[in-house]
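Student: Before I ask anything, let me first share the structure, which is written out below as structure tokens.
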């Protein structure tokens, strides 16, 4: 290849990526699902959050109908179509970030999950809107029309709560002042920022990003918000405005979160201007054991499916988890679905360490049949498991295998 041809090849590759981005935009605009159908598709991966998925699905289909189709057809907007940002409240591991990821994949639009807790006031070191928006443009291969109809989720927005008093008595650069940075995004304003690298990979490029067609979500655990709601309800009851026969102290944390108002969020530490921008407040309920069991065993990308795929890539498969092992995993996850994967890895680590050597030692006997690994009820504590070979003639080979030493020190910390 001549050197003079190299820049032309790069341009051709860029044009090809843009063409594919245009095709994805057109494909997203052709979605004709109803909100119910989208909610049911997402529920296959986001378990136990039907109410939250219902609200988000309605906003997502409105986003496709009013924004994505208009951009894809290059129709001039008759009037601004406002779809208010959504605030998601829920404990760790309840599926808030998974919902944003699944939504982006289902709709076929660019999406980005940004750590709002790292955003700082303008002029200070930290995240700004450029780090929130530029990943959308990267996913869209630089095609702005595709990037501007994507989805953004601001994770851990509760970490930006206003401090009552800063240590230096000055600006609250990572709290109240940082919230002001998000106003442009929540308002749908035009945001300008610089990125390094131009057409030749050098210099700086000024990006003008209109955010009025973005689907914006924010999420946080809001630890301690239930106490704010409880104090408000106690005050109303003392003044004779109690609408519920039960005392406020008898309400569960999930019920208290469903009673959150924008005034409660202001008391918690969010600015009034931020609270007023959210059109809907969506609550992600704590997951019960039934939902956690479904996530563990039935979801396509759940822990059991993941370790099963890893095992098959190494020449064996796991038998069904024993009920006692499942119950032990559910007990130790503490209601946090994100901990399930770590606990399953802990229970299967010994098998992944020992079984490949066992397969090599069995030689042709293993290759002619199927190597099946069975876990036991105590596999989470000591790694014990059984190995057998299922052959066409029905001959099997069972043998207990264990790590040299039990791993009780790890389980003492809760997995």
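The values are calculated or read from the model by the stated rules, or taken from the named source; none is laboratory data. Owing to the predicted nature of the structure, the values given are computational and were not obtained by experimental measurement. All Cβ positions, even for glycine, are placed from backbone atoms using ideal geometry, and neighbour counts span all protein chains on display.
Student: Go through 320, 288 for me and flag whichever is under 21 Å from the mean Cα position of the chain (by Cα) and more than 30 Å from residue 183 (Cα to Cα). Working first, answer last.
Tutor: On the way: 320 fails: under 21 Å from the mean Cα position of the chain (by Cα).
Result: 288 is the single residue among 320, 288 that is under 21 Å from the mean Cα position of the chain (by Cα) and more than 30 Å from residue 183 (Cα to Cα).
Student: Another question, if that's okay. Just to check your reading of the model, which residue among 87, 38, 25 is surrounded by 11 or more Cβ atoms within 10 Å (Cβ to Cβ), at pLDDT 90 or above and not in a helix (DSSP H, G or I)? Walk me through it before giving the result.
Tutor: Working: 38 fails: not in a helix (DSSP H, G or I); 25 fails: not in a helix (DSSP H, G or I).
When all the criteria are applied, what remains is 87.
Student: Using the structure shown, decide if residue 350 is modelled with pLDDT under 90, in a helix (DSSP H, G or I) and more than 22 Å from residue 95 (Cβ to Cβ). Give the steps one after another, and end with the answer.
Tutor: On the way: modelled with pLDDT under 90: no; in a helix (DSSP H, G or I): yes; more than 22 Å from residue 95 (Cβ to Cβ): yes.
Criteria not met by residue 350.
Student: Specify which of the listed residues (363, 334, 302, 342) is without any contact (Cβ under 8 Å) to a residue 40 or more places away in the chain and out of contact with any helix residue (DSSP H, G or I) (no Cβ under 6 Å at 6 or more places or on another chain).
Tutor: Numbers: 334 fails: without any contact (Cβ under 8 Å) to a residue 40 or more places away in the chain; 302 fails: out of contact with any helix residue (DSSP H, G or I) (no Cβ under 6 Å at 6 or more places or on another chain); 342 fails: without any contact (Cβ under 8 Å) to a residue 40 or more places away in the chain.
Unique residue meeting the criteria: 363.
Student: Further question on the same structure: Tell me the residue from 209, 193 that is modelled with pLDDT of 90 or more, over 20 Å from residue 284 (Cα atoms) and in a strand (DSSP E or B), please.
Tutor: Working: 193 fails: modelled with pLDDT of 90 or more.
Among 209, 193, only 209 is modelled with pLDDT of 90 or more, over 20 Å from residue 284 (Cα atoms) and in a strand (DSSP E or B).
Student: Next question. Tally the residues that are surrounded by fewer than 23 Cβ atoms within 10 Å (Cβ to Cβ) and either at pLDDT below 90 or farther than 14 Å from residue 218 by Cα (or both), restricting the search to the range 134-157. So that I can check it myself, show each step before the final result.
Tutor: Taking the range 134-157 first, the residues surrounded by fewer than 23 Cβ atoms within 10 Å (Cβ to Cβ) are 134-135, 137-139, 141-145, 148, 151, 155-156.
This time we only want the ones that are either at pLDDT below 90 or farther than 14 Å from residue 218 by Cα (or both), so: 134-135, 137-139, 141-145, 148.
The qualifying residues number 11.
Student: Within the range 318-346, restricting attention to residues that are within 17 Å of residue 295 (Cα to Cα) and touching a strand residue (DSSP E or B) at 6+ places or on another chain (Cβ under 9 Å), which residue is surrounded by the fewest Cβ atoms within 10 Å (Cβ to Cβ)?
Tutor: Looking at the filtered set, the residue picked out is 320.
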